[in-house]
């Protein structure tokens, strides 16, 4: 059986919310540790790479859809989408796979399931920190997204006021990606 057929996206249950947050933070911390090592200031002294507040804001978004990624009956990750049906636009806010099952095609299979679940979406967007080489490779080379912007101290993302240069750091640098879905019409 194809790995894509073995993936299920299961809506997040309220009684699994806390574990979802913990799993998400663990996966993001693993990525930073892989890139920078244990001494990176993003992961010392109990700090999280992605805050609980950020995850909860995404889960609780007005157009949010939050799923557990399940493979062969086992939870292997999760994702959060924001779906704007009126404008046929979707945002992948968070996608994570548990570190112990990385590089098995599970993230790619989960994304194919998202696209199959939402054929009405014509444009998908997401972002990732500049240092997340695995994610950049994943979005561009595996999922077909294109880098459309690099947010940095000279070019801020939409959520960052332009007058915050003095507080900007390399930790804030992000790549912004877009994927335009092919239509069936000629």
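The values are calculated or read from the model by the stated rules, or taken from the named source; none is laboratory data. Note that the coordinates shown come from a computational prediction; the quantities given were computed from them, not determined experimentally. Here Cβ is always computed from backbone atoms with ideal geometry, including for glycine, and neighbour counts include all displayed protein chains.
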Qualifying position, being surrounded by 19 or more Cβ atoms within 10 Å (Cβ to Cβ), at pLDDT 75 or above and assigned to a loop (DSSP other than H, G, I, E, B), among 50, 80: 50
Which numbered condition residue 151 fails, given (1) surrounded by fewer than 19 Cβ atoms within 10 Å (Cβ to Cβ); (2) closer than 20 Å to residue 174 by Cα; (3) at pLDDT below 95: (1)
Candidate set from the stretch 104-143 (those that are more than 19 Å from residue 69 (Cβ to Cβ) and part of a loop (DSSP other than H, G, I, E, B)); member that is modelled with the lowest pLDDT: 131
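For every residue, the table says whether it meets (1) in a helix (DSSP H, G or I); (2) modelled with pLDDT under 90; (3) more than 30 Å from residue 182 (Cβ to Cβ); (4) over 17 Å from the mean Cα position of the chain (by Cα).
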site	(1), (2), (3), (4)
15	yes, no, yes, yes
24	yes, no, yes, no
40	no, yes, yes, yes
43	no, yes, yes, yes
61	no, no, no, no
Checking residue 143 against (1) in contact with a helix residue (DSSP H, G or I) (Cβ under 8 Å, 6 or more places away or on another chain); (2) closer than 19 Å to residue 180 by Cβ; (3) surrounded by fewer than 19 Cβ atoms within 10 Å (Cβ to Cβ), the condition it does not meet: (3)
Sole residue being under 20 Å from residue 129 (Cβ atoms), surrounded by 15 or more Cβ atoms within 10 Å (Cβ to Cβ) and either in contact with a helix residue (DSSP H, G or I) (Cβ under 6 Å, 6 or more places away or on another chain) or modelled with pLDDT of 95 or more (or both), chosen from 69, 7, 55: 55
Any hit, the stretch 160-176, residues being modelled with pLDDT of 90 or more and either within 20 Å of residue 83 (Cα to Cα) or in contact with a helix residue (DSSP H, G or I) (Cβ under 6 Å, 6 or more places away or on another chain) (or both): yes
